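The next block holds one structure in the form of structure tokens; read it before the comments.
The values are calculated or read from the model by the stated rules, or taken from the named source; none is laboratory data. Predicted model only: the values in this text are computed from it and were never measured. Here the Cβ positions follow ideal geometry from the backbone for every residue, glycine too, while neighbour counts run over all protein chains shown.
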Number of protein chains: 2
Amino acid sequence: MNINSLFKKGNFDLQKTKSEKYNNILNSAGHVFAEYGFHKATISQIASQAGVADGTLYLYFKNKDDILLQYLNFKSDSVFSRMRAAVEAGKNAEDKLRRLIRCHLSEFQNDKDMAVIFRSEVRHFRDIETQIKDISKMYLELLSEIIEQGQIEGTMRQDLFAALAKRYILGGVENVISSWVFAGSRYDLESLADPLVDLFLTGIRG
Amino acid sequence: MNINSLFKKGNFDLQKTKSEKYNNILNSAGHVFAEYGFHKATISQIASQAGVADGTLYLYFKNKDDILLQYLNFKSDSVFSRMRAAVEAGKNAEDKLRRLIRCHLSEFQNDKDMAVIFRSEVRHFRDIETQIKDISKMYLELLSEIIEQGQIEGTMRQDLFAALAKRYILGGVENVISSWVFAGSRYDLESLADPLVDLFLTGIRG
DNA sequence: TAAAATCATGAATAGAAATTCATTATTCAA
DNA sequence: TTGAATAATGAATTTCTATTCATGATTTTA
């Protein structure tokens, strides 16, 4: 795995035009990765899931790593743009936080493959972790903005250890998603957004 | 990987007496797993790190999976017994929570290999996730007790969505550890315990 | 001390799966 | 319509590494 994986052979057009087959393979890969994990998933499984021959994957992707990489990039981009839109729609810091968390939970609830894959596989890409648009990183930036605004508005404490507050919000949401996945995604995730934000805001002290 | 991995060949004595070599291999495996990840780590790397021949690993462990499994079991047990002791030393719920978080951060700060491995590899053991003594599960039980006690004492809100509160505390701590690992473990982790608990208790609202 | 039992070795084996590429099918342009 | 260009195929190749096991070293026992 190296950074060159980012650049595929001769399929730039396909990517731009979002070729049917390209997206099909990406989605199929998502299913298979989510079910078996990146390392146990095989090219043959992905190909078969996509209804194409093994060799066909190599017309669209440089190698197996590249498939995961592009999957993560694609999902990061689309989720994050929706998150940013959600935040922008909020009137004040608290409202923005609520919309962000709700969007986050909703996006992952609606794409369980993605939830499973983000929960684990991202970690293995230590080498290129800084190269891909890491959703965590963008997320923390969004949270920074919200917290700063909240402090200006006077609705969030001035003495906040912001770096820590960001981590604990993100961690809380991720852990809630994680346990939803682990529990077989049987309950409604999005409806946990408001209770969760209430906890973030007011803490557990009686 | 299957549940039989739990039972090794003929080395029950070795385990009981904590044979030098057994522990040596386990530690070496920890280093290698932490550096390369379970799947990319090879038996040869572990053997070489431990200063033994490849075949020797199979005298002490059933297979590669078994090495990780025993590593996780060993670490879970030892960390958790210290966590429980920390909690028991607390006088009231809030004190217990502080001690737990401090212990958690301190344990992981003092064993970075473990921190890295728990951060990622545990996820791949979906099949046996319920079999191993998952530190998260035990942790959540500890938190349950603390929250219940806090509610009885009146220092924690009666209307807490406890299942959520537990998740968000664990998530917060894990995410703080995660970013400490990611940042190259350059700062003091344990000293974040009190600020973090303050956040849990009082939230971010101004 | 010497035979037996145990432990360790690492080259050889075996199996799995990623990747390639000669061949075939399809699409496109004139 | 037909030849060229492009896309797809999947069997064969290559690579990689977990695991085995015949051999040798060491320790134990009597």
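Scanning the range B:62-86 for residues that are closer than 20 Å to B:ASP113 by Cα and surrounded by 16 or more Cβ atoms within 10 Å (Cβ to Cβ) yields a count of 15. If only residues of the range B:15-64 that are among the aliphatic types (A, V, I, L, M) and touching a Ser or Thr at 6+ places or on another chain (Cβ under 6 Å) are counted, the one that is farthest from DNA strand D (Cβ to nearest atom) is B:ALA50. Helices (runs of 4 or more DSSP H) fully within the range A:31-108 that include at least 3 residues being away from DNA strand C (no atom under 16 Å from the Cβ) and touching a residue at least 40 places away in the same chain (Cβ under 8 Å): A:64-88. In the set (1) closer than 16 Å to B:ALA163 by Cβ; (2) assigned to a helix (DSSP H, G or I); (3) more than 7 Å from every other protein chain (Cβ to nearest Cβ), the condition left unmet by A:GLN149 is number (1). Suppose we keep only residues that are more than 7 Å from every other protein chain (Cβ to nearest Cβ) and surrounded by fewer than 15 Cβ atoms within 10 Å (Cβ to Cβ) within the range A:164-206. Which one would you say is modelled with the lowest pLDDT? Looking at the filtered set, the residue picked out is A:ALA183.
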